[in-house]
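Participant: Here's a structure for you.
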Amino acid sequence: MSLNTFGHLFRVTTWGESHGPAIGCTVDGCPPGLALSEVDLQPWLDRRKPGQNKYTTQRQEADEVRILSGVFEGLTTGTPIQLMIENTDQRSKDYGDIAQSFRPGHADITYHQKYGVRDYRGGGRSSARETAARVAAGGVARAVLAALAPTVRITGYMVQMGPHGIDRARLDLGQVPQNPFWCPDSVAAADWADYLDGLRKSGNSVGAVIEVVAEGVPAGLGAPLYGKLDSDLASAMMSINAVKGVEIGDGMAAAALTGVENADEMRMGPGGVEFLTNHAGGILGGISSGQPVVCRFAVKPTSSILTPRRTINARGEEVDLITKGRHDPCVGIRAVPVGEAMMALVLADHLLLDRGQTGGVRGVIG
């Protein structure tokens with residue numbers, strides 16, 4: 001299986017399976033001389049790890065990250081950084097009954113069709129467990145951002161669970177860490193708790209929409225055609241397990257606007273250009289405008305559920321399938337820190353690309 005690497009100058013290769021001895025990644029292209037230790041990375045993994053509340057899988061993983069290379073005496077050396085996270089709570093027996101059957105909505109059948117062999121224990125590489133390695137790599141990317149663009153602040157939150165969205169008039173980022181859904185609307189969070197409880201107890205699951213905003217992004221990141229900042233962001237978010245759609249700025253809603261409504265008008269302010277709106281999500285022509293970069297992605301419902309579903313097995317027989325084990329009733333909850341990590345990785349990559357091409361030179365206005 002190839003194509004386990006993403007990024008241009010700041011490159012990340014993830015490895016490992018859900019029920020293997022460990023998962024991890026290799027981060028290549030990190031500049032030397034940056035302060036980095038496990039202590040810097042662990043808080044991001046702690047936000048993603050399973051078993052933190054009744055609304056996520058009850059698999060108990062410490063998700064403790066180890067730095068195996070690329071750091072000496074607390075500083076990055078410029079060589080590949082190898083990160084490892086041990087798997088400590090696998091229950092492979094939970095998957096014994098479905099070893100020969102294909103879960104509807106899951107990658108089981110396409111893996112079998114493509115490779116002729118698959119790791120049925122938790123989905124192997126297709127498991128959301130792989131995203132822990134991305135979050136660890138995102139911690140390295142945040143160290144790069146802190147050094148090269150200290151104004152950047154990345155915040156992710158859930159804006160919709162199933163058909164239930166937040167009220168943006170009540171949006172309060174201070175509420176995001178105060179509830180298990182990373183929800184910026186306390187009223188919506190309370191409603192979601194009751195809604196998800198009912199789904200969880202009935203053996204069902206539901207999807208979600210996550211929004212990730214990067215503030216303080218300098219203007220000039222990205223390129224007009226095949227190196228667009230938004231195309232790389234869309235690719236990064238779409239690569240997250242279970243993601244089925246990505247939007248930048250107003251996204252699909254922009255199709256319903258007129259040119260007058262959609263245009264982000266400009267004026268000169270004390271600090272330079274000021275945009276009066278941000279329909280474009282901080283990216284124009286593939287290049288960051290200096291406004292907040294806004295990205296949303298839709299996560300499908302968890303396909304491993306206790307409700308019987310019709311499917312087939314490897315012999316071509318029609319069967320009904322119940323997936324036992326420990327699964328997220330809404331995998332979108334733990335996708336929030338993953339989305340933040342992918343935003344950090346893309347921005348760090350584009351900062352290095354820009355530094356290599358322009359040296360930070362910018363056109364002067366006024």
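The values are calculated or read from the model by the stated rules, or taken from the named source; none is laboratory data. This one's a predicted model, so the numbers in the text were calculated from it and none came from an experiment. With ideal geometry, Cβ positions are generated from the backbone for all residues, glycine too; neighbour counts draw on all protein chains shown. Please note that ligands, DNA and RNA were not included when accessible areas were found on the heavy atoms of the full protein model with its side chains. Shrake-Rupley method; radii C 1.70, N 1.55, O 1.52, S 1.80 Å.
Participant: Taking segment 195-230 as the region of interest, how many residues are of a type in the set (Asp, Glu) and at pLDDT below 95?
Facilitator: Final tally of qualifying residues: 1.
Participant: Further question: What are the residues in segment 1-42 that are touching a Leu at 6+ places or on another chain (Cβ under 6 Å) and open to solvent by less than 60 Å² (accessible area, probe 1.4 Å), if any?
Facilitator: Those that are touching a Leu at 6+ places or on another chain (Cβ under 6 Å) and open to solvent by less than 60 Å² (accessible area, probe 1.4 Å): Phe10, Gly24, Cys25, Gly29, Gly33.
Participant: Would you check if Arg142 is within 29 Å of Gly33 (Cβ to Cβ) and either charged (D, E, K, R) or open to solvent by less than 60 Å² (accessible area, probe 1.4 Å) (or both)?
Facilitator: In short, yes.
Participant: Restricting the search to segment 254-283, which residues are of a type outside the set (S, T, N, Q), more than 20 Å from Met237 (Cα to Cα) and assigned to a loop (DSSP other than H, G, I, E, B)?
Facilitator: Of segment 254-283, the ones of a type outside the set (S, T, N, Q) are 254-257, 259-261, 263-276, 279-283.
If we keep only those that are more than 20 Å from Met237 (Cα to Cα) too, we end up with 255-257, 259-261, 263-276.
Listed by number, the residues that qualify are Leu257, Ala263, Asp264, Glu265, Pro270, Gly271, Leu276.
Participant: Here are the criteria: (1) more than 21 Å from the chain's Cα centre (by Cα); (2) in contact (Cβ under 8 Å) with a residue 60 or more places away in the chain; (3) under 28 Å from Pro292 (Cα atoms). Tell me which single one Leu196 does not satisfy.
Facilitator: (3)
Participant: Being in contact with a helix residue (DSSP H, G or I) (Cβ under 9 Å, 6 or more places away or on another chain), open to solvent by 20 Å² or more (accessible area, probe 1.4 Å) and among the aromatic types (Phe, Trp, Tyr) is the filter here; which residues of segment 162-215 pass it?
Facilitator: Trp182
Participant: Oh, and also: I need the helices (runs of 4 or more DSSP H) fully contained in segment 96-212, keeping only those with at least 3 residues that are hydrophobic (A, V, I, L, M, F, W, C). Show your work before the answer.
Facilitator: Values: elements: 108-115, 131-148, 186-201.
The qualifying helices (runs of 4 or more DSSP H) are 131-148, 186-201.
Participant: I'd like to verify a number: residues in segment 152-179 that are in contact with a Leu (Cβ under 9 Å, 6 or more places away or on another chain) and farther than 19 Å from Phe297 by Cα, how many?
Facilitator: Going through segment 152-179 one residue at a time, the tally reaches 1.
Participant: Same structure, new question: Just the residues that are under 28 Å from His19 (Cα atoms) and surrounded by 14 or more Cβ atoms within 10 Å (Cβ to Cβ), please, taken from segment 72-88.
Facilitator: Result: Pro80, Ile81, Gln82, Leu83, Met84, Ile85, Glu86, Asn87.
Participant: Please verify whether segment 329-339 includes one or more residues that are surrounded by 22 or more Cβ atoms within 10 Å (Cβ to Cβ) and under 30 Å from Met268 (Cα atoms).
Facilitator: Checking segment 329-339: not a single residue is surrounded by 22 or more Cβ atoms within 10 Å (Cβ to Cβ) and under 30 Å from Met268 (Cα atoms).
Participant: Further question: Scan (1) under 30 Å from Val273 (Cβ atoms); (2) in contact with a Gly (Cβ under 8 Å, 6 or more places away or on another chain); (3) surrounded by 15 or more Cβ atoms within 10 Å (Cβ to Cβ) for the single condition Pro224 breaks and write down its number.
Facilitator: (3)
Participant: What number goes with the only condition from (1) of a type outside the set (Phe, Trp, Tyr); (2) loosely packed, with under 13 Cβ neighbours inside 10 Å; (3) free of Cβ contacts under 8 Å to residues at least 60 places away in the same chain that Ala280 does not pass?
Facilitator: If we test Ala280 against (1) of a type outside the set (Phe, Trp, Tyr); (2) loosely packed, with under 13 Cβ neighbours inside 10 Å; (3) free of Cβ contacts under 8 Å to residues at least 60 places away in the same chain, just (2) comes out false.
Participant: Separate question: What's the total number of residues in segment 31-52 that are in contact (Cβ under 8 Å) with a residue 40 or more places away in the chain, out of contact with any helix residue (DSSP H, G or I) (no Cβ under 6 Å at 6 or more places or on another chain) and part of a loop (DSSP other than H, G, I, E, B)?
Facilitator: Adding up the residues that qualify gives 6.
Matching residues to (1) over 30 Å from Asp46 (Cβ atoms); (2) open to solvent by 40 Å² or more (accessible area, probe 1.4 Å); (3) free of Cβ contacts under 8 Å to residues at least 60 places away in the same chain:
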| site | (1), (2), (3) |
| --- | --- |
| Ala256 | yes, yes, yes |
| Ser288 | no, no, no |
| Ala298 | no, no, no |
| Pro301 | no, yes, no |
| Arg309 | yes, yes, no |
| Glu317 | yes, yes, yes |
| Leu321 | yes, no, no |
| Lys324 | no, yes, no |
